[in-house]
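Student: Before we start, here is the structure in question, set down as structure tokens.
The values are calculated or read from the model by the stated rules, or taken from the named source; none is laboratory data. Please read all numbers here as calculations on a predicted model, not as lab measurements. Heads up, the Cβs are rebuilt from the backbone with ideal geometry, glycines too, and the neighbour counts pull from every protein chain shown.
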Amino acid sequence: MKKFKFFLMAVAAVIAATVTIACDPTDDPEKPVIKDTYSFDLFVCAVKHGGMSQNKNGTYVRSVSALTADQPRVEFQGKGIDITQNYTLESITRGKYYYQVPQKATGGFVKFHIERNAAGEESIKEDAEVPFKDNVYAARKYTHAWIGDSTTLVVVGTKDNATKIIWTKLAESNLTVQAEGTFDISLPENYNAFSTAGLLTYRQTDKKLYYFYIVKPKSGQSDAATSMTYIAIINPETMAVESNTAVSTDLMEETAGSAYGELMQSMIMQDPSGNLYVAGLKTVNGQEMGVLRRIKKGETTFDPTWNGFPNPEGKLLTVQYLGYGKALAYSRDEKLGTKIDSKSHFYSIIELADGQRSRVQFNGQDLPYCGGRFSQRSDVLNGKAYIGVGGEVAEDGVEQDYPTIYIYDCKTGEVEKGIELAKGFCFDIIRAMAE
Amino acid sequence: MKLSRIVVSLLCFVGFCAGLQAQDTLLFKGALSDTLTLQNATVTAKTRTQQLKEEAYSVNALNINEIVSTLNSVTTAVDRTSGIRIREEGGVGSDFDLSINGLSGNAIRYFLDGMPLDAKGSGITLANLPVNLIERVEIYKGVIPAAFGSDALGGAINIVTNRRHRNYLDFSAGAGSFHTAKTDLNAQYTLPRSGLIFRPVLSVNYSKNDYIMRDVKVRNEEHTAFVIKDLPRFHDDYRSLFGQLEAGVADRSWADAFFVSASLSRIDKDIQTGATQSHVIGMAERHTQSFNVAARYEKAHFLTENLSLRASVSHTSDHSLVIDTTYRRYYWDGTYIDGSYSEIRGRGKTLRHTVRPLTVVRTNADYALAPGHGLSLNYLLNRSGNRQWDDWDDEYVPSNDVLAKHVIGLSYDQSFLNGRLSNVFFAKGYINHLKVGQSELSSTTGANDVPSDDTQFYPGYGVGSRFRMTEALSLKGSFEHSIRLPVVRELLGNGSTVYANLTLKPEVSDNFNLGLFGSHDLGSGHLLSYEVNGYIRLVDNFIQATIYETQGMMQYVNVAAVHIMGGDAEVRYDWAGKLHLALNASYDDSRDRRKYTQAGDLSVTYMNRTPNRPWVWCNAEAAYTFRNLIAGGDRLRLCCDYRWVHWFYLTWAAYGSASSKSKVPTQHLTDLSALYAWAGGRYNLSLECLNLFNALAFDNYMLQKPGRAFFLKFRLFLQ
């Protein structure tokens, strides 16, 4: 009998291992696996980088089938979709669809996708549009998670000048509002506002929603040193708050972003084991510096002994799981500039086992620094990380190179040069989409 | 000599009586002490508006007296002139943006009889000034006479009020579509014994502005989906009150005119939409009230025979309140959901007060050096405070700043060749004094980079010339190196959504104008007038609003070169004062000359046409006047106006596929009006139909203008 049990356990272990290996190592539990038919949507802005603000200078999108170097350069002269007035750069995506509270402020949610005709011309097709029910969200100011085998979208935001936290469940198919409510979370004493949106994610291993939010002395922007981060664990069925724990400010004062969820930048990642990682920041010698914290599988609070972003040069802005115990980090070197467009942002690979970090290189050279504090110029698909870099500018102001996408092999670490984009634009987003 | 004085006086007189052809006995009592009686004299002379057009400056002059009985807002008339474009955000009382030869916003300055219009209160604009009060509107394009003493960059509009010598009463009342009503009263009475003159003005406007919004999205009955409907605006009430009493004396030995005045204005406005009509607002309001006291003094032959003096002083108390205290999300059917953020600012609730006391002192001294040569010295002080607080938002830190501008101008006019050639040379000095109390966010505002009490000097200069080649054709050109000092909002922010930028530099522009104009008498009462102008504006340190890194915050910054060039042309035909035809067209070519972005990258928009601005448009007018139709001295004037504006892209034209781009569509607007005046113009009844064909029209993206509207107006003019 023992041998039989052992045999069964062995078979189960083999099956589990097989399933794990069969899963794309880049799998994000929040993201459907895109295998065969996919495309990449590339977002650029004119004049200055967009994201997290209303860039009225123009936001343009091109959809291309591949990002390899053999593809023609991506041009925007008379091509692409101008989304400036109607849609926000920030969006929820899944499969081939975008979901958002649109810039055009119709008073509801919209679901759309980008189509390409035979001539390669893109257009936007709206698939659903529904009004808000009772809870109202402003464009860009919400966070989200997928539950119920991705058939339900949960949106969380705040109301009454960020003093209450609201949630809405939407059916993925037609955006029907399934349920709404307000979290039973109150502001602690001496704090007067929640973060605008916070960060919401769903962890498959314990089937719970994790909601990371910040409490602040006043609404709007404030110093991280005056804030405190909380982790609320939510039952996705009932949306009841099962626990609500303050994070020690020694570990993290704020999450890397809190106003706009992960509508543009990825700040939370999970590995196949169920470890959950959160990018954040804390003040060191008066400067806000990045941290990467981990909630181990089976735990609900940060591991105080682990930081995946030690010795930071500045803020950690985005993290994406690459598989093979590695993550792609997009961070800033504070001494090179702290403005949105400062050429101070760079990519590096984090070894999650020990926090070792190294710049992403091509032909032995570091990929250049880029502008774009609020950019997500990288995506991970089928074992490859696609990393976009803006064109380098020489001292005379002349752009030396075309903005280029580099392709990082998650397994081998090899980097190849990919497609180029037209010069002069601020390259902001790569989104891998199902066809 | 006496004859020449008579001729001069006659010219002065006919300046008041546009195009008057007097065939009866005239009794004239003017600046001359003599009384002159003419029998059966025919006087033909150029109107003051025509004289202005013939100056070296590039100027449009509109004679409002001719159309006052049908006009409801002077903006309507100004919008029909060449080179001008007014973009309105909605109906009566809505915000508007006026551009002159490609420059708009704060680059344009407004004056009322030479004094800054702001002095009447921030709520008083071209749109709500009583029309009956206005004699003419002067529109200076790019190059502005030193006499205005202002730091306008793109142009100036001077509204000249009626200065009749007789007692009169001018009353009008009207009502029209969208629950609009309007009453104006304007009068003058001289006490017989003392000669004390009283000039009361009263103007009241009201509109519900409930015009139909077409194809707007609202929720279905179950609130589960959107449906498309046509629905009236429901929160756009506008009320304005303006009252003024001026008292003084004229034609005294010590003063040609000395008047003191007090005025008050109050504007109450509901706010219906945000930047686009999909952002529906249902509760927010804006209230503005102002009180002004002023005095003016005019004297020819001041101290010496050749010196004339005009001096004015004015102080205004201006208080505005924005009420944004509702967390609601409205739909066009008036229903709402309790929302998360305030309606206007999209943040917390506010009851924001802004008090801006304004003091203006203006002095003009003209000295006649010799016949045809004159020197003019001008000084303008404009001191503005900026105090803000919030009754609701406890986190708001009140601010209190002061900005003072001194502008000194010196100009020299000369005339040669019996008036065929005239030149004007001028120089201006701008002194900007800033005293700053705020020190918050110094890395953003630059508070640590500038002294807290600072004075700067900037020079400006210009020249204009007009040469009459033949009786039918004249050439004129002008140039100004102009300066525009930042306004309070740009420099000091608004304490909430706009950061201060204390390092902001003044805008500088080199403005060039070149024009040909003239008129040709075809005989038998047929008169043809024509004009064509070209312009170039080379603007540097252009002050532009930019979205700051944090959400929703703005800051004004200097950007490098913006170059604008363009032209306009106008042809007018008149037959015996009966048939009047006019056609004008304007072209504005504005390109982005910023080669590099703020980060030092090559700008992809370099040399692209500036988005979101009309670049070609035209106006046409046809009018016919019947005289003595029913009774002697009556007049029926039928008029048709047509406006066309070419569509334009909201964003940079070059990028993105044409089918995906947002556009402001082409406008075709036709207006009709009929005026019947009888008893020598004592009684006037007019009916106006705006947007006759009920065309869907937008000046701005997704901000629909009113559809077809009627307005009936009665005017009584007693003199």
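Student: Out of B:Tyr642, B:Tyr683, which single residue is without any contact (Cβ under 8 Å) to a residue 40 or more places away in the chain and closer than 30 Å to B:Thr190 by Cβ? I'd like the intermediate steps shown before the answer.
Tutor: Working: B:Tyr642 fails: closer than 30 Å to B:Thr190 by Cβ.
None of the others qualify; the one that does is B:Tyr683.
Student: A follow-up question, please. Which members of region A:120-145 meet the condition of being more than 10 Å from chain B (Cβ to nearest Cβ) and surrounded by fewer than 20 Cβ atoms within 10 Å (Cβ to Cβ)?
Tutor: Scanning region A:120-145 gives A:Gly120, A:Lys125, A:Glu126, A:Asp127.
Student: Tally time: how many residues in region A:232-286 are surrounded by fewer than 23 Cβ atoms within 10 Å (Cβ to Cβ), at positive phi and small (Gly, Ala, Ser)?
Tutor: The total comes to 2.
A quick yes/no check of all residues on (1) among the small types (Gly, Ala, Ser); (2) within 25 Å of A:Ser150 (Cβ to Cβ); (3) in a strand (DSSP E or B):
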position	(1), (2), (3)
A:Tyr191	no, no, no
A:Leu200	no, yes, yes
A:Val215	no, no, yes
A:Ser219	yes, no, no
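Student: If you don't mind, another one. Considering only residues that are assigned to a loop (DSSP other than H, G, I, E, B) and closer than 13 Å to B:Gln272 by Cα, look in region B:319-343 and name the one that is farthest from the other protein chains (Cβ to nearest Cβ). Write out each step before concluding.
Tutor: Within region B:319-343, the first condition is being assigned to a loop (DSSP other than H, G, I, E, B), and the residues that meet it are B:325-327, B:331-335, B:339-343.
Imposing the further condition that a residue be closer than 13 Å to B:Gln272 by Cα reduces the set to B:331-334, B:343.
Details: B:Tyr331: 6, B:Trp332: 9, B:Asp333: 11, B:Gly334: 13, B:Glu343: 11 Å.
Top of the filtered list is B:Gly334.
Student: In region A:87-109, which residues are within 19 Å of A:Thr59 (Cα to Cα) and either free of Cβ contacts under 8 Å to residues at least 24 places away in the same chain or within 7 Å of chain B (Cβ to nearest Cβ) (or both)?
Tutor: If the condition is that a residue be within 19 Å of A:Thr59 (Cα to Cα) and either free of Cβ contacts under 8 Å to residues at least 24 places away in the same chain or within 7 Å of chain B (Cβ to nearest Cβ) (or both), then A:Tyr98, A:Lys104, A:Ala105 are the ones that fit.
Student: For region B:347-436, please list each of the strands (runs of 3 or more DSSP E) lying entirely inside it that holds at least 3 residues being without any contact (Cβ under 8 Å) to a residue 24 or more places away in the chain, among the charged types (D, E, K, R) and touching an Asp or Glu at 6+ places or on another chain (Cβ under 7 Å).
Tutor: Values: elements: B:350-355, B:358-370, B:373-390, B:399-416, B:421-435.
In region B:347-436, no matching strands (runs of 3 or more DSSP E) lie anywhere.
Student: Right, another one. Just the residues that are touching a residue at least 24 places away in the same chain (Cβ under 8 Å) and either out of contact with any strand residue (DSSP E or B) (no Cβ under 6 Å at 6 or more places or on another chain) or facing chain A (nearest Cβ under 7 Å) (or both), please, taken from region B:652-662.
Tutor: Within region B:652-662, B:Trp652, B:Ala654, B:Tyr655, B:Ser662 meet the criteria.
Student: Hey, does region A:81-94 have a residue that's under 29 Å from A:Lys417 (Cβ atoms), in contact with a Lys or Arg (Cβ under 9 Å, 6 or more places away or on another chain), modelled with pLDDT of 95 or more and hydrophobic (A, V, I, L, M, F, W, C)?
Tutor: Scanning region A:81-94, I find at least one residue that is under 29 Å from A:Lys417 (Cβ atoms), in contact with a Lys or Arg (Cβ under 9 Å, 6 or more places away or on another chain), modelled with pLDDT of 95 or more and hydrophobic (A, V, I, L, M, F, W, C), so the answer is yes.
Student: In addition: So, B:Ala623, is that one away from chain A (no Cβ under 14 Å), touching a strand residue (DSSP E or B) at 6+ places or on another chain (Cβ under 9 Å), assigned to a strand (DSSP E or B) and not charged (D, E, K, R) or not?
Tutor: Yes, satisfied.
Student: When residues of region B:464-516 are filtered for being assigned to a strand (DSSP E or B) and small (Gly, Ala, Ser), how many remain?
Tutor: The qualifying residues number 8.
Student: Consider region A:159-173. How many of its residues are in a strand (DSSP E or B), within 12 Å of chain B (Cβ to nearest Cβ) and surrounded by fewer than 22 Cβ atoms within 10 Å (Cβ to Cβ)?
Tutor: 4
Student: A follow-up question, please. Show me the strands (runs of 3 or more DSSP E) entirely contained within region B:210-265 in which 2 or more residues are surrounded by 16 or more Cβ atoms within 10 Å (Cβ to Cβ) and more than 14 Å from chain A (Cβ to nearest Cβ). If you could, list the steps in order and put the result at the bottom.
Tutor: Working: elements: B:212-219, B:226-232, B:238-250.
Here the list reads B:238-250.
Student: Taking region A:330-343 on its own, how many of its residues are surrounded by 21 or more Cβ atoms within 10 Å (Cβ to Cβ) and touching a Gly at 6+ places or on another chain (Cβ under 8 Å)?
Tutor: 4
Student: Could I ask something else about it? In this structure, is A:Val61 part of a strand (DSSP E or B), over 20 Å from B:Gly656 (Cα atoms) and facing chain B (nearest Cβ under 10 Å)?
Tutor: no
Student: Filter region A:409-433 down to the residues that are in a strand (DSSP E or B) and among the charged types (D, E, K, R), then identify the one that is farthest from A:Val61 (Cα to Cα).
Tutor: So, considering only residues that are in a strand (DSSP E or B) and among the charged types (D, E, K, R), the one farthest from A:Val61 (Cα to Cα) is A:Asp409.
Student: When you look at A:Thr84, is it closer than 27 Å to A:Thr176 by Cβ and either touching a residue at least 60 places away in the same chain (Cβ under 8 Å) or within 13 Å of chain B (Cβ to nearest Cβ) (or both), yes or no?
Tutor: no
Student: Against the definition (touching a strand residue (DSSP E or B) at 6+ places or on another chain (Cβ under 6 Å) and of a type in the set (Gly, Ala, Ser)), how does A:Ser273 come out, yes or no?
Tutor: So A:Ser273 does not fit the description; no.
Student: Which residue, of B:Val616, B:Val645, is surrounded by fewer than 17 Cβ atoms within 10 Å (Cβ to Cβ), under 23 Å from the mean Cα position of the chain (by Cα) and more than 30 Å from B:Arg682 (Cβ to Cβ)? Break it down stepwise before answering.
Tutor: Details: B:Val645 fails: surrounded by fewer than 17 Cβ atoms within 10 Å (Cβ to Cβ).
Criteria check complete, one pass: B:Val616.
Student: Check every one of the strands (runs of 3 or more DSSP E) wholly within region B:69-183 and list those with 1 or more residues that are farther than 28 Å from B:Asn541 by Cβ and assigned by TED's automatic domain parsing to the domain that holds B:Ser261.
Tutor: Hits in region B:69-183: B:84-88, B:108-112, B:134-141, B:155-161, B:168-176.
Student: Sticking with this structure for a sec: Tell me which residues, restricted to region B:691-719, are within 14 Å of chain A (Cβ to nearest Cβ), in a loop (DSSP other than H, G, I, E, B) and within 23 Å of the chain's Cα centre (by Cα).
Tutor: So in region B:691-719, the residues within 14 Å of chain A (Cβ to nearest Cβ) come out as B:698, B:700-703.
Now drop any that are not in a loop (DSSP other than H, G, I, E, B), which leaves B:701-702.
Passing the criteria: only B:Tyr701.
Student: Given the conditions (1) acidic (Asp, Glu); (2) crowded, with 21+ Cβ neighbours inside 10 Å; (3) away from chain B (no Cβ under 14 Å), which single one is not true for A:Asp428?
Tutor: (3)
Student: Which residues, counting only those in region B:168-194, are hydroxyl-bearing (Ser, Thr, Tyr), surrounded by fewer than 16 Cβ atoms within 10 Å (Cβ to Cβ) and closer than 11 Å to B:Val92 by Cα?
Tutor: Within region B:168-194, no residue meets the criteria.
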